[in-house]
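Please read the structure below before turning to the comments.
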């Protein structure tokens, strides 16, 4: 029995490196892999993701404007008029939103994304929405040019 306990308490080797010493390397590799999954900020998808974060998740219409042009910008201004006087701050109960890309249609200067979103409202249940968001390239910059949501 004593020999078995001594065997179990010995550090195991992982690929020639003691287990504890391998963790920093594993952590760095995972962080690197995750960073590579994020689209560049000035790509169509990068701009659309930042728009979703500002508009749908943070519910910050003013901050959403920087990512928009044309019809999308006009839609935001209309939403701002409709919600004037309604304060959204840290005390506001915001929904938890999960979304995933369902479809992408790309052209050289325009990309249309279809996202499936699940919105979980605190003490109010959950529901699903589809977001269609189009980005277009203006010079060297991508902007959201249109967006809509439907069931």
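The values are calculated or read from the model by the stated rules, or taken from the named source; none is laboratory data. Predicted, not measured: the structure shown is a model, and the values here were computed from it. All Cβ positions, even for glycine, are placed from backbone atoms using ideal geometry, and neighbour counts span all protein chains on display.
Within the stretch 68-92, which residues are in contact with a strand residue (DSSP E or B) (Cβ under 8 Å, 6 or more places away or on another chain) and either without any contact (Cβ under 8 Å) to a residue 40 or more places away in the chain or outside the structural domain of residue 134 (by TED's automatic domain parsing) (or both)? It would help to see each step written out before you state the result.
Looking only at the stretch 68-92, we keep the residues that are in contact with a strand residue (DSSP E or B) (Cβ under 8 Å, 6 or more places away or on another chain), and these are 68-72, 75-76.
Result: 76, single match.
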*Take the stretch 107-148 and flag every residue that is in a loop (DSSP other than H, G, I, E, B) and in contact with a strand residue (DSSP E or B) (Cβ under 9 Å, 6 or more places away or on another chain).*
108, 109, 122
*Would you pick out the residues in the stretch 91-106 that are surrounded by fewer than 11 Cβ atoms within 10 Å (Cβ to Cβ) and not in a strand (DSSP E or B)?*
91, 92, 93
*Look at residue 110 and say whether it is at pLDDT 95 or above, out of contact with any helix residue (DSSP H, G or I) (no Cβ under 7 Å at 6 or more places or on another chain) and exposed (fewer than 13 other Cβ atoms within 10 Å of the Cβ).*
no
